[in-house]
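Beneath this line is the structure, given in structure tokens, with notes to follow.
Any read-out appearing in this document is the output of simple, stated calculations on the displayed coordinates, not a laboratory observation. None of the values given here were measured: they were computed from a predicted structure. Neighbour counts are summed over all protein chains in view; Cβ atoms, including those assigned to glycine, are modelled from backbone coordinates with ideal geometry.
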Amino acid sequence: MDSKGLTLSVLILLVVTVMICGCINNTSVTSGFTTSTLVPEAIKLHNTGFDEYVKGDYPKALDYFNQSIAADSNYTRAWIDKGNVLVRLNRSEEAVMAYDAALALDNGLAVVWNKRGEALMMSKNYTAARDSFARALELAPDFAEAKKNREAVLKKME
């Protein structure tokens with residue numbers, strides 16, 4: 001398979017995964033990722049960073065996400081993806097800070113509360129992780145991934 005075919009396969013897998021997780025068309029989980037006031041350069045930099053993320057070049061993706069945030073610090077999606085790439089780089093404490101920045105822009109994003117909880121679990125901060133999963137479930141009571149994560153953190157706290 002050539003690199004274009006591989007990239008297309010990865011993108012299809014990513015879309016299918018998001019659909020299975022229930023993250024599409026569930027406004028209580030994903031609302032507020034973007035606004036109409038975004039700086040076009042921030043969007044372009046973010047998209048380039050996301051392409052690098054999909055390819056697995058996490059340091060390069062992080063650089064683009066940082067540039068996107070520098071162009072528009074109110075670009076929630078860039079903060080979220082910065083958190084996601086920091087998790088991939090095993091930099092969970094920094095990931096939590098990126099998720100907190102996204103939540104400062106829109107604290108109603110259940111998916112971000114869940115991601116924040118996952119990062120907190122990585123750093124063994126189980127109490128804060130439990131609280132993040134609880135917030136995700138307050139916002140989206142049927143959010144299966146947050147339920148599963150909450151159960152996992154409660155077991156670790158026993």
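Please verify whether A98 is more than 16 Å from E151 (Cβ to Cβ), in contact with a Phe, Trp or Tyr (Cβ under 9 Å, 6 or more places away or on another chain) and surrounded by 24 or more Cβ atoms within 10 Å (Cβ to Cβ), treating the condition exactly as stated. Don't jump to the end; show me each part of the working.
Working: more than 16 Å from E151 (Cβ to Cβ): yes; in contact with a Phe, Trp or Tyr (Cβ under 9 Å, 6 or more places away or on another chain): yes; surrounded by 24 or more Cβ atoms within 10 Å (Cβ to Cβ): yes.
Considered against the rule, which asks whether it is more than 16 Å from E151 (Cβ to Cβ), in contact with a Phe, Trp or Tyr (Cβ under 9 Å, 6 or more places away or on another chain) and surrounded by 24 or more Cβ atoms within 10 Å (Cβ to Cβ), A98 comes out as yes.
Which residues, counting only those in segment 104-123, are free of Cβ contacts under 8 Å to residues at least 24 places away in the same chain and not in a helix (DSSP H, G or I)? First the steps, then the outcome.
Going through segment 104-123, the residues free of Cβ contacts under 8 Å to residues at least 24 places away in the same chain turn out to be 104, 107.
Passing the criteria: only N107.
If the requirement is being of a type in the set (S, T, N, Q), within 17 Å of the chain's Cα centre (by Cα) and farther than 20 Å from V39 by Cα, which of these qualifies: S132, S68?
Unique residue meeting the criteria: S132.
Please go through segment 45-92 and give me each residue that is buried (at least 21 other Cβ atoms within 10 Å of the Cβ), within 22 Å of M122 (Cβ to Cβ) and of a type in the set (G, A, S), ordered by number.
Selection gives G49, A61, A78, G83.
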